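Nothing in this text is a laboratory measurement; each read-out follows from the coordinates by a stated rule. Being a predicted model, the structure only gives us computed values, none of them experimental. Here the Cβ positions follow ideal geometry from the backbone for every residue, glycine too, while neighbour counts run over all protein chains shown.
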Amino acid sequence: MQSTLQNYIPKQAVPYVLNLLEQDGLVVKIKKERKTRHGDYRKLPNNKHQITINANLNSYRFLITLIHEIAHLEAFKKYGSAIKPHGKEWKHTFQHLMLPVLNPEVFPLQLLPLLAKHFKNPKASSDTDTQLALALKQFDEPNNKNYVFQVPLGKSFKLYNGRVFIKGKKRVKRIECVEVTTGKLYLFNPNAEVELVN
């Protein structure tokens, strides 16, 4: 596992993460990109625990996602299975597990203030934190994707599944977008990754 992890997370975080992963019945699988999630945790029917993480994540996002999923396991072990998946018990556990790696030996200096702000009250996905998501994106492999909030008003974009939308006005937290073929209105997370259409 150590040699595999070194390909995906910052080198300085490997010993800490390996220590977190030394639990009976915990399996970590690295998956092809899934469009709807970076990773997930589940308890398997045989009472083992499985964490999956997308292989295409940059090393910083991979580390955050991996610890996010480990926090689910730790929170359920400590507080029981009746807790909310992203409730206060999980948030406290996630904060506690992230503290040892929130330093300049693991993360670039420009990310640390954003991470400190995010981990005051971590959300179910780091993608909902616009500033952090944009800062993490700069470490991705170059691609032709943009976030919905970067698309100019009235311009078209398409999703991974080929559906085309026109960007509309922003509501409080979401952006109104109209699907071109159906005329239906959808609300988008500003950080949804899309491809511009000329």
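Here's how it looks for Val28: its modeled amide H is under 5 Å from those of Ile51, which are all 5 or more places away or on a different chain. If the reach is capped at under 16 angstrom between alpha carbons, list the aspartates and glutamates near Lys158, excluding any in the same chain fewer than eight residues apart. Result set, ordered by chain and number: Glu176, Glu179, Glu193, Glu195. Couplings 3J(HN,Hα) for the range 75-84, derived from phi with the Karplus relation 6.51 cos²θ - 1.76 cosθ + 1.60 (θ = phi - 60°), are 5, 5, 5, 7, 10, x, 7, 7, 6, 6 Hz, where x marks Gly and Pro. Counting only the Cα atoms, the chain fills a convex hull of 145 Å³ per residue.
For the range 145-196, the C-alpha radius of gyration divided by 2.2 N^0.38 Å, with N the number of residues, is 0.97.
The radius of gyration of the Cα set in the range 1-118, together with its Dmax, comes out at 13.9, 43 angstrom. Across the range 2-137, the relative contact order, built from alpha-carbon pairs under 8 Å that are at least six residues apart, equals 20 percent.
Cross-link partners of Lys78 among lysines, defined as those whose alpha carbon lies under 27 angstrom from its own and excluding same-chain residues fewer than eight positions apart: Lys29, Lys43, Lys48, Lys88, Lys91, Lys117, Lys120, Lys123.
Across the range 145-196, the mean sequence separation of Cα contacts (distance under 8 Å, 6 or more residues apart), normalised by length, yields a relative contact order of 42 percent. Label separation (Leu109 vs Thr128): 3.2 nm, computed from points 7 Å beyond Cα along the C-beta direction.
Give the residue list of trypsin sites (Lys or Arg not before Pro) in the range 125-182 that are DSSP loop and have at most 15 other beta-carbon atoms within 10 angstrom.
Working: sites: Lys137, Lys145, Lys155, Lys158, Arg163, Lys167, Lys169, Lys170, Arg171, Lys173, Arg174; in loops: Lys155, Arg163, Arg171, Lys173, Arg174.
Taking the range 125-182 and a limit of 15 other Cβ atoms within 10 Å, the loop trypsin sites (Lys or Arg not before Pro) found are Lys155, Arg163, Arg171, Lys173, Arg174.
For the chain, the longest principal axis of the Cα atoms and the long axis of helix 88-98 meet at an angle of about 70 degrees.
Each principal axis of the Cα atoms in the range 89-193 has its own extent, and those three values, largest first, are 49, 32, 22 angstrom. Using alpha carbon centroids, what distance separates the range 183-198 and the range 108-136, in Å? Between the Cα centres of the range 183-198 and the range 108-136 lies a distance of 22 Å. Per-residue 3J(HN,Hα) values for the range 150-165, derived from phi via the Karplus relation 6.51 cos²θ - 1.76 cosθ + 1.60 with θ = phi - 60°, read 8, 6, x, 4, x, 8, 9, 8, 10, 8, 4, 8, x, 5, 10, 10 Hz in sequence order (x marks Gly and Pro).
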